Amino acid sequence: MSRLATLLSLFGLLLVAACGGQGGGSPAASRDGKDWPGYGGDYTERHFSPLTQINAENIGQLGLVWSHDIDVMPSAQTAPVAVDGVLYFGAGHSVVHALDAKTGTELWRYDPEAPQKAGEKLRSAWGIRGIAYGEGRIYTGTVDGRLIALDAKSGKLLWSSMTIEANDGRYVSGPPTFFNGKVIIGHGGGDFAPVRGYVTAYDAKTGKQVWRFYTVPGDPAKGFEDETQAMAAKTWKGEWWKYGGGGTAWNAITFDPKYNRIYIGTGNGTPWNQKIRSPGGGDNLFVCSIVALDADTGKYVWHYQINPGETWDYNAAMDITLADLPVEGKTRPVILHAPKNGFFYVIDRETGKLISAEKFVKNVTWADRIDIKTGRPVENPAARFPDGKPFTVFPSPVGAHSVEAMSFNPGTGLVYLNAIEQGRVYADPPGDLSQWKFAPGQVINNGVGAPPPGSKVEPGNTNTLLAWDPVKQKPAWSVALPGFKNGATMATAGNLVFQGNVSGELAAYDGKSGKKIWSFDAQNGIMAQPISYEVDGVQYVTVIASWRASTEMGPGLSWDYRQQKRRVLTFALNGKAKLPAADLTRMPYQLDPAFRIDPAKAERGRALVGAHCALCHGSGLKAGGAAPDLRRSPVPVDPAAFDAVVREGALVPNGMPGFPEIPAADLELMQHYIRSEARAAASGKAPATATPASASEGIR
């Protein structure tokens, strides 16, 4: 071997060591774009491919190579991973598939039978959103709380670790993160039960717990796990531990090999309304924060709190993207973060200090600005609805940027994300807040009251594909999109931005100008981010077409749960494959003319459906694709079938949770409401009953 070759070899080994072991033990492979081993691509979580075979000049030649129909319910909103010519993805509730990346041939699948084991945790309505690869193993979480390792070649179960406790309200829906021979997972649940958040790191080979970090403090009478928890407890008031506290890390977890740290993005407080969980205020650490931990020990390093003492569900669980940007004439390692609250943050990775923050959507009413010296928001006092006085807050709990991933192209220097303009009227629930309790059987338990009758939020629901310059903290360009929410993005070094949308289109845009330069009719909405990888010298782009939303994204913008085709779609230059013709015929409304609707019963049923069903079946029963349209379903027409599904859990394997606590008499009231909505829809008339109170919380 020549001296030059030896030096290059040593440099390559040092590069691998410095990058921290992401992917299949070879981060250099993931960085050159041949593989896509994690949710965000490589460890930077940029959702960026450095491949250039497909580019803005030849994108017109991009065509479908193969498609694979997914027969797993209820949805497939997941992002795939690709390693060594094999494509892996989870569908429904963590049913993991392995396909030949060149042909789409199924190699194996593994079903953890999570719905049957989940119990009430199934009511969260989330399927798995992503999986991870590391050192020959596939990792996935399950809704019932397991973290599972599978052999990547065979699909054989290697180990399974329960990350939560039975009947504790927690569940897992987000992607695991592989790093340094470990795999880390968080959980959700803060909207449903008295949950205290944490993240747990496990040995990637054995599944043995290595460390755990709690994101909010527990009951002081039981002692604190460490000094960090004692410090955090000083920022809470009242008996917060009785409500759990929240701060769940249900999505964003990023590994930084430069500093050997884990960054976690934490969720809202539990319940949302701070007047209930922490009367008297306080910052409530570490809700709605980015927390830096030592990757080896899980010890606290620093934190930056996006929303101190938050009360609007403005969680910080959106992407935590690593980048190197010029700041005051110097290149600095930074975090790029666009959470729900409408501000785009650039944060120093070494210290956690705020560098800059600006509004990336037009309507932000909860705060005027972020004070750079203190790092704290300058809030509008009225936004906390003092004395219970309602206030229209922008953004809504859906967020100015939601869970659909953003991407960052270091070549253009731009971040690409789905930016949402939507508001909501906030108010306290009726009654004495000190007596508020979690409502048994109610899906959403957030401590926020229903908007007053007749409330209307203006301006209405819109969204754009936004290209944001994080150095200038200004938009570079934007493209108006249909409805009010669309899919995740992927950027490539070929000056491309890929995004799916609610109308069933996969589109590619010029990354510098925003011009749409290619599109494909996917015959279904697309929420998941595309990925790109290389096999035998050919660059591929893969995305999963599946639309999981509880309600319509706009008038007529929805996909029928039963009719939509959930598919893996894979593209390459000169692809010639075609999709079969789509049959978009929906089932008719089930009118049942012999059924006599009692308006009083229908009104009582409206409240029950809002409490138990709207999260999946939609606002005003205008289902968006996450679950069947009950107005068209034959199940509620038949009392025996309705009872079997709702109370006895007959469709649990399909992802429909059981509600055995609902009295049989209440099912009759719900039937009256469903029948009234079906007849109103069929006649084109407005329904006699109002929209379920919990509708806006179900659109996530």
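Could you list, ordered by first residue, the pairs with Cβ atoms under 8 Å in which the first is in the stretch 368-389 and under 21 Å from Pro451 (Cα atoms) and the second is among the β-branched types (Val, Ile, Thr) and not in a loop (DSSP other than H, G, I, E, B), at least 6 apart or interchain?
Taking only residues 6 or more apart or on different chains, the pairs are Ala383/Val393.
Are any residues in the stretch 51-71 of a type in the set (A, V, I, L, M) and closer than 19 Å to Ala508 by Cα, and if so, which ones?
The answer is Leu51, Ile54, Ala56, Ile59, Leu62, Leu64, Val65.
For residues that are part of a strand (DSSP E or B) and in contact (Cβ under 8 Å) with a residue 24 or more places away in the chain, scanning just the stretch 147-157, find the one that is farthest from Val83 (Cα to Cα).
Among those that are part of a strand (DSSP E or B) and in contact (Cβ under 8 Å) with a residue 24 or more places away in the chain, it is Leu147.
Can we say Gln61 is polar (S, T, N, Q), within 17 Å of Gly575 (Cα to Cα) and either under 19 Å from the mean Cα position of the chain (by Cα) or surrounded by fewer than 21 Cβ atoms within 10 Å (Cβ to Cβ) (or both)?
Here the answer is yes, as Gln61 does meet what is asked.
So for the stretch 486-508 (the condition being farther than 30 Å from Asn58 by Cα and assigned by TED's automatic domain parsing to the domain that holds Lys237), does at least one residue qualify?
No - not one qualifying residue is present in the stretch 486-508.
Identify all residues within the stretch 209-224 that are without any contact (Cβ under 8 Å) to a residue 12 or more places away in the chain and either part of a loop (DSSP other than H, G, I, E, B) or outside the structural domain of Ile148 (by TED's automatic domain parsing) (or both); write none if there are none.
Gly223, Phe224
List every residue pair whose Cβ atoms sit under 6 Å apart, with the two residues 6 or more apart in sequence or on different chains, where the first one lies in the stretch 608-625 and is within 16 Å of Met656 (Cα to Cα) and in the same structural domain as Arg647 (by TED's automatic domain parsing) and the second, anywhere, is in a helix (DSSP H, G or I) and among the small types (Gly, Ala, Ser).
What qualifies is Ala614/Ala695; Ala614/Gly698; Leu615/Gly698.
Would you call Gly610 modelled with pLDDT under 90 and crowded, with 24+ Cβ neighbours inside 10 Å?
yes
Name the strands (runs of 3 or more DSSP E) wholly within the stretch 406-480 that hold at least 1 residues that are over 30 Å from Ile335 (Cα atoms)?
424-426
Can you tell me which residues in the stretch 626-640 are in contact with a helix residue (DSSP H, G or I) (Cβ under 8 Å, 6 or more places away or on another chain) and outside any loop (DSSP other than H, G, I, E, B)?
Once the filter is applied, which keeps residues that are in contact with a helix residue (DSSP H, G or I) (Cβ under 8 Å, 6 or more places away or on another chain) and outside any loop (DSSP other than H, G, I, E, B), the stretch 626-640 yields only Pro639.
Taking the condition of a type in the set (A, V, I, L, M), closer than 20 Å to Gly33 by Cβ, touching an Asp or Glu at 6+ places or on another chain (Cβ under 9 Å) and part of a loop (DSSP other than H, G, I, E, B), does Ala582 pass?
no
Between a residue in the stretch 50-69 that is over 23 Å from Gly411 (Cα atoms) and any residue that is modelled with pLDDT under 95, which pairs come within a Cβ distance under 7 Å, given they are 6 or more apart or on different chains?
Close Cβ pairs satisfying both conditions: Asp69/Lys565.
If Pro459 meets every condition in (1) in contact with a strand residue (DSSP E or B) (Cβ under 8 Å, 6 or more places away or on another chain); (2) closer than 30 Å to Pro279 by Cβ; (3) at pLDDT below 95 apart from one, which number is that one?
(2)
Taking the stretch 250-299 only, how many residues are under 27 Å from Phe385 (Cα atoms), surrounded by 20 or more Cβ atoms within 10 Å (Cβ to Cβ) and not charged (D, E, K, R)?
19
So, Trp126, is that one in a loop (DSSP other than H, G, I, E, B) and in the same structural domain as Val95 (by TED's automatic domain parsing) or not?
In short, yes.
Select, from Ala338, Ala323, the only residue that is touching a His at 6+ places or on another chain (Cβ under 6 Å) and of a type outside the set (Phe, Trp, Tyr).
Ala338
When only residues in the stretch 95-109 that are more than 23 Å from the chain's Cα centre (by Cα) and surrounded by 20 or more Cβ atoms within 10 Å (Cβ to Cβ) count, which is farthest from Pro176 (Cα to Cα)?
Ala101
Here's a check for you: in the stretch 463-501, which residue that is under 19 Å from the mean Cα position of the chain (by Cα) and β-branched (Val, Ile, Thr) is farthest from Gly658 (Cα to Cα)?
Per the criteria, the residue is Thr464.
So which residues in the stretch 322-350 are over 23 Å from the mean Cα position of the chain (by Cα) and not basic (Lys, Arg), if there are any at all?
Hits for the stretch 322-350 are Asp324, Leu325, Pro326, Val327, Glu328, Gly329, Thr331, Pro333, Asp348, Glu350.
Looking for whichever is part of a helix (DSSP H, G or I) and small (Gly, Ala, Ser) here; the options are Ala98, Ala82, Ala118. Which one fits?
Criteria check complete, one pass: Ala118.
Of (1) over 21 Å from Asp296 (Cα atoms); (2) touching a residue at least 40 places away in the same chain (Cβ under 8 Å), Ile264 satisfies all except one. Which?
Unmet for Ile264, out of (1) over 21 Å from Asp296 (Cα atoms); (2) touching a residue at least 40 places away in the same chain (Cβ under 8 Å): (1).
Go through the stretch 324-374 and give me each residue that's farther than 26 Å from Tyr43 by Cβ, of a type in the set (Gly, Ala, Ser) and either crowded, with 22+ Cβ neighbours inside 10 Å or at pLDDT 95 or above (or both).
Correct list: Gly342, Ala367.
Which residues, taken from the stretch 70-94, are surrounded by fewer than 23 Cβ atoms within 10 Å (Cβ to Cβ) and under 23 Å from the mean Cα position of the chain (by Cα)?
The answer is Ile70, Asp71, Val72, Met73.
Check whether at least one residue in the stretch 302-316 is at pLDDT 95 or above, of a type in the set (A, V, I, L, M, F, W, C) and either surrounded by fewer than 23 Cβ atoms within 10 Å (Cβ to Cβ) or over 28 Å from Ala528 (Cβ atoms) (or both), and report yes or no.
yes
Looking at (1) surrounded by fewer than 19 Cβ atoms within 10 Å (Cβ to Cβ); (2) of a type in the set (Val, Ile, Thr); (3) assigned to a helix (DSSP H, G or I), find the lone condition where Val645 falls short.
Every condition holds for Val645 apart from (1).
Considering Pro580, Pro593, which residue is at pLDDT 95 or above, within 29 Å of Leu630 (Cα to Cα) and not assigned by TED's automatic domain parsing to the domain that holds Glu677?
It is Pro580.
Here are Trp250, Trp236, Trp241: which of them is out of contact with any Phe, Trp or Tyr (no Cβ under 7 Å at 6 or more places or on another chain), closer than 21 Å to Ile131 by Cα and in contact (Cβ under 8 Å) with a residue 24 or more places away in the chain?
Sole residue among the options that is out of contact with any Phe, Trp or Tyr (no Cβ under 7 Å at 6 or more places or on another chain), closer than 21 Å to Ile131 by Cα and in contact (Cβ under 8 Å) with a residue 24 or more places away in the chain: Trp250.
The values are calculated or read from the model by the stated rules, or taken from the named source; none is laboratory data. The shown structure was predicted, so the numbers you read here are calculated from the model rather than taken from an experiment. Using ideal geometry, Cβ is built from the backbone for each residue, glycine included, and neighbour counts are taken over all protein chains shown.
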